[in-house]
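What follows is one structure encoded as structure tokens, with my remarks underneath.
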Amino acid sequence: MNCRDALDLVHGYIDGELDLVKSLEIEQHLGACAACKVQYDQVRELGSGIRAHALYHAAPSALRARVAAALPREAGNGARKPAWAWWRMAAAMALFTLLGLGFGLALLRPGAEARLADEVLAGHVRSLMADHLMDVASSDQHTVKPWIAGKLDFSPPVMDFSAQGYALAGGRLDYLGERGVMALVYRRHGHVINLFVWPQAPEADSSVRSDTRQGYNMAHFTRAGMAFWAVSDLNPEEFNSFVGLVREQLASAR
Amino acid sequence: MPHLDAAYNLARWLTRNEHDAEDVVQEAYLRAFRFFDGFRGGEARAWLLAIVRNTCYSWLEKNRPAEVSAGFDEETPPGDGAGFDPDMMAAQGANPEAIALQNAHRRILNQAIAALPLGFREVLILRELEDLSYKEIARVVDVPVGTVMSRLARARKLLRQSAPLRAMSGLPAAEVKQ
């Protein structure tokens, strides 16, 4: 990839719009090219500046009343217009939004969540690609945990499930969602599971949300102020049972 | 009232005036209501924002035709946009000591966005404030997805080149690559 392409694609990369292959290419380029990295950082900084400081003009309540008043009048004259369809759609969407909030995902906007999922997946794929699966290779949780202690500003729960067939293989530092995170690595019949953990702003525990992206199974949930994202190419049954084990362990540790 | 905040926010940024934005939004909702039969499913918000956006354009063409084409040329290198005058904003952004730095930055940033040519302003607002995907933006603005990315790139370049913003943040100007 040359700089000209990179400077365009950097926007798609920041907006979470590139496919995995292009994302990895641009990451590689940014790692190697200091000039493009500077541009990338500045575009990112600008984006967070806009989101933090640009005015969002919410509709004045008078407008709400005005539009509401105008619509039924129009409906009365228009006779056969299906006014209820419009309002039913509105009600359905409101309900849908409320359900979404009920799952404890108020903090993550859909776009943000999709981008995070992409980052998690990219982190997983990269860990397998670049021969950098682990920083500390140990099946002993009492080795892994102290190793992490000096490197992150939080202490993630380190669990081993060898007895159930999901052996802890080690740990690694990774960078997701603009922060350093812990990646715990598990193995099951030669398949690798990455379990990413980082502190989440205090928020209600959420149930598991699962997804399949590019053939990988993904699941995430929040528990006791930590966000957990698991990703693997393991079959769905075993993957789900792994996620279940993690959740059971966390529940019993409380 | 579904998506009224998003509709008003877009109209407010495109018309740059509260009263005009209210008129446009009301008209857009009446149009949406009238053409609801034309709604073929998919993202309702993008569908509605497309109507708001088109209503804004009709309104601007009628009342302020100069703004519709001002400074918007996808081909010219960034910085050559007529009607986009960073110096004008520099004058307004003077005397930052008098106000809290944060407020000054906020005000200057908002002025710089408001000064962007219409075609760049709309993609930036839809992306950064409404968090729409490129596909949704393509639908609202009625251009191919690839054009959305290049317009966003241009919009961000123009913003970064705006003099007062640079002065505030200490950022160097975006490098112009040919």
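Computed from the coordinates by the stated procedures, all read-outs in this text should not be read as laboratory data. From a predicted model like this one, the values you see are computed outputs, not experimental measurements. Every residue, glycine among them, receives a Cβ derived from its backbone with ideal geometry; neighbour counts consider all protein chains shown.
So what are the range A:110-253's ellipsoid semi-axes, whole angstrom, largest first, if each one is the square root of 5 times an eigenvalue of the alpha-carbon gyration tensor? Don't skip to the end; give the middle numbers.
Values: eigenvalues 72, 64, 55 Å².
With the √(5λ) rule applied to the range A:110-253, the semi-axes are 19, 18, 17 Å.
Look at the stretch A:6-12: the mean tally of other chain Cβ atoms within 10 Å of its residues' Cβ atoms is 5.
Counting only other chain Cβ atoms within 10 Å of each residue's Cβ, the peptide A:57-69 averages 6. Please label the shape of the range A:3-53 as rounded, prolate or oblate, based on the square roots a ≥ b ≥ c of the eigenvalues of the alpha-carbon gyration tensor (a/c under 1.5 means rounded; beyond that, a/b larger than b/c means prolate, else oblate). Cα axes put the range A:3-53 in the oblate bin.
Note on B:Ser133, B:Ser162, A:Ser139: ascending count of other Cβ atoms within 10 Å places them as A:Ser139, B:Ser133, B:Ser162, the fewest first. Overall dimensions of the range A:177-254, expressed as equivalent-ellipsoid semi-axes from the Cα gyration tensor (√(5λ), whole Å, largest first), are 20, 14, 12.
Students often get this wrong, so check it: of A:Lys22/B:Lys157; B:Lys62/B:Lys157; A:Lys22/A:Lys145; A:Lys37/A:Lys145, which have C-alpha atoms separated by over 28 Å? Correct reply: B:Lys62/B:Lys157; A:Lys22/A:Lys145; A:Lys37/A:Lys145.
Take A:154-167, A:1-14, A:184-197 and order them by the average number of nearby Cβ atoms within 10 Å per residue, most first; the result is A:184-197, A:1-14, A:154-167. Inter-chain Cβ neighbour count for B:144-156, averaged per residue, equals 3 (cutoff 10 Å, partner chain atoms only). In which sequence would A:Trp147, A:Trp198 go, from the one with the fewest C-beta neighbours within 10 Å to the one with the most? By the 10 Å Cβ count, ascending, the order reads A:Trp147, A:Trp198. Can you give the log10 of the normalised intensity I(q)/I(0) at q = 0.18, 0.21 Å⁻¹, computed with Debye over equal Cα scatterers of the range B:4-69? The calculated log intensity ratios at q = 0.18, 0.21 Å⁻¹ are -0.60, -0.79.
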